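The values are calculated or read from the model by the stated rules, or taken from the named source; none is laboratory data. What you see is a predicted model; the values in this text were computed from it and never measured. Reconstructed Cβ throughout: ideal geometry from the backbone, glycine too, with neighbour counts over all protein chains shown. To get the accessible areas, we keep the full protein, side chains included, count just its heavy atoms, and leave off ligands, DNA and RNA. Shrake-Rupley method; radii C 1.70, N 1.55, O 1.52, S 1.80 Å.
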Amino acid sequence: MRFVLPHVNLTIRNRILEIEGIPHTYEARDVFSVLQNRPFDFWDTFWESPRSFQELVLAITPRTVGFRYGVRFMTLENRLLMTLIWLRQYPTYSMLSQYFGISVPTVYTIIKKMWVILWEEVARTIVWPDRNTWHRRNGKWPEMPNVLGCIDGTSHEILVPQTEPQEEFYSGHRKFHCIHTQVVIDNEKNICHIHSGFLGHDNDAFAYQQMKRIGPGLDLDFPANGFILADSIYPNTRPLVTPYKANEIARLPRNEKRRKRKFNKLHKKRRIFVEHVIKELKTFRVIGAIYRHTRWELSCIVETCAGLAKRRAEFINNLD
């Protein structure tokens, strides 16, 4: 007589979940109604006040006409709230499914459409200033009166590519697969330009060459007498100003060494502002952690996060 294991014909899922055969119904939760009564937690989590959040909902409402999300009873506020949670905290779809009481495929459908709508609304707020605006920035930094901004690059780690050549995305400096972003700010810490999507094996200097050039008569108009601070990997050509290298300083007379080192200290003191902005951008975990989704969407998601960060800065400035 042969011994037969019990449940041998059942899947592992059915054996673990005793009530798997019972049909499950989802009950969508109104998370927004709960959180809007806790304004500090709302701001701390989403960088939006309940009022500014409602203004954003009104702004994107025309863009949502005609989109079907699978759950008619889930309000636009909760759809936007879910998308902001995904951008800020980057949880899995399964976690969001538990929070909002909807299925994982529905979470996927909502986020897939809502972040694009959000990108169309907030990314357009990041515009390159005109020449008159740049001229008004003159003298903001008294020790460097002609320096109008800073530029720097950052990297976003991605999963190891399975279909494309891996070496194109691998950064030998970072030691992981990534996509690069270039950020330009003015001397008031406003994001003026953001360009993402550069492959991981490219360095910041190459990425800068691929960007729209900054200069008179080109797409990004910039005053001829203005300068932008950059680190030493960038080319030291107008309008960029890079610090002096140690081997350059070593060959100079003593008084020139002091002057160059003093310049490097001032350069570092001011250029750190762009690093602060990048650090703030990476509080959005979707671009600060390992990105797990479609790589070619990442550049637009970076722009979305930059637009939301600018909204936060403007909100705080309007309080002054």
- Task: Could you calculate the contour length gain from Asn255 to Gln166, that is, 0.36 nm times the residue separation minus the distance between their Cα atoms, to one decimal place in nm?
- Result: 27.1 nm
- Rounded to whole Å and ordered largest first, report the semi-axes of the equivalent ellipsoid of the stretch 78-231 derived from its Cα gyration tensor (root of 5λ). 35, 22, 13
- Where does helix 254-281 land angle-wise versus the long Cα axis of the chain, in degrees 0 to 90, nearest 10? 20 degrees
- Task: Would you mind checking the tilt of helix 298-319 against the longest principal axis of the Cα atoms of the chain, expressed as 0 to 90 degrees and rounded to 10?
- Result: 70 degrees
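Roughly how many debye, to the nearest 20, is the charge dipole of the stretch 162-320 about its Cα centre, given +1 on each Lys and Arg Cβ, -1 on each Asp and Glu Cβ, and no other charges? Before the final figure, lay out the partial values.
Working: 28 positive and 18 negative charges, 255 e Å.
The calculated dipole for the stretch 162-320 is roughly 1220 debye.
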- Item | 0 to 90° range, to nearest 10: angle between helix 104-122 axis and the chain longest Cα axis | 30 degrees
- Query: Given the chain reduced to its alpha-carbon atoms as identical point scatterers, what log10 I(q)/I(0) does the Debye formula return at q = 0.06, 0.10, 0.15, 0.16 Å⁻¹?
  - Reply: -0.29, -0.71, -1.27, -1.36
- Message: Antiparallel versus total DSSP beta bridges in the chain: what percent is that, nearest 5?
- Response: 70 percent
- Note on the structure: Per the 1/(1 + (r/R0)^6) rule, R0 = 25 Å and r from the Cβ atoms of Asp221 and Thr125, FRET efficiency to 0.05 is 0.85
- Note on the structure: Looking only at aspartates and glutamates whose Cα falls under 12 Å of Lys260's and that sit 8 or more positions away or on another chain, we get Glu248
- Message: Along the charge dipole of the chain, pointing to its positive end and built from +1/-1 on Cβ of Lys, Arg, Asp and Glu, which listed residue (Ile249, Gly288, Gln209) has its Cα farthest out?
- Response: Ile249
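Name the shape class, rounded, prolate or oblate, that the alpha-carbon gyration tensor gives for the stretch 149-272, where a ≥ b ≥ c are the square roots of its eigenvalues, rounded holds for a/c under 1.5, and otherwise prolate holds if a/b is larger than b/c and oblate otherwise.
Details: a/c = 2.43, a/b = 1.49, b/c = 1.63.
Since a/c reaches 1.5 but b/c is at least a/b, the shape of the stretch 149-272 is classed as oblate.
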- At most 11 other Cβ atoms within 10 Å and a DSSP loop assignment: could you name the trypsin sites (Lys or Arg not before Pro) in the stretch 151-201 that fit? Lys175
- Item | Accessible area of Phe273 in the full protein assembly, 1.4 Å probe (Å², nearest 10) | 40 Å²
- Query: To the nearest 10 square angstrom, how much accessible area does Phe227 have with a 1.4 angstrom probe?
  - Reply: 50 Å²
- Residues meeting the amide H criterion for Lys140 (H placed from the backbone, H to H distance under 5 Å, 5 or more places apart or on another chain) are none
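What is the extension gain from Asn317 to Gln210, computed as 0.36 nm multiplied by their sequence separation minus the C-alpha to C-alpha distance, in nm to one decimal?
Details: separation 107, 0.36 × 107 = 38.52 nm, distance 3.33 nm.
The span from Asn317 to Gln210 would gain 35.2 nm if fully extended.
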- Suppose R0 equals 51 Å; then what is the FRET efficiency for Asn138 and Val104 from their Cβ-Cβ distance, rounded to the nearest 0.05? 0.45
- Task: Describe numerically, in nm with one decimal, the distance between label points set 7 Å from Cα along Cα→Cβ at Ile290 and at Phe263.
- Result: 4.4 nm
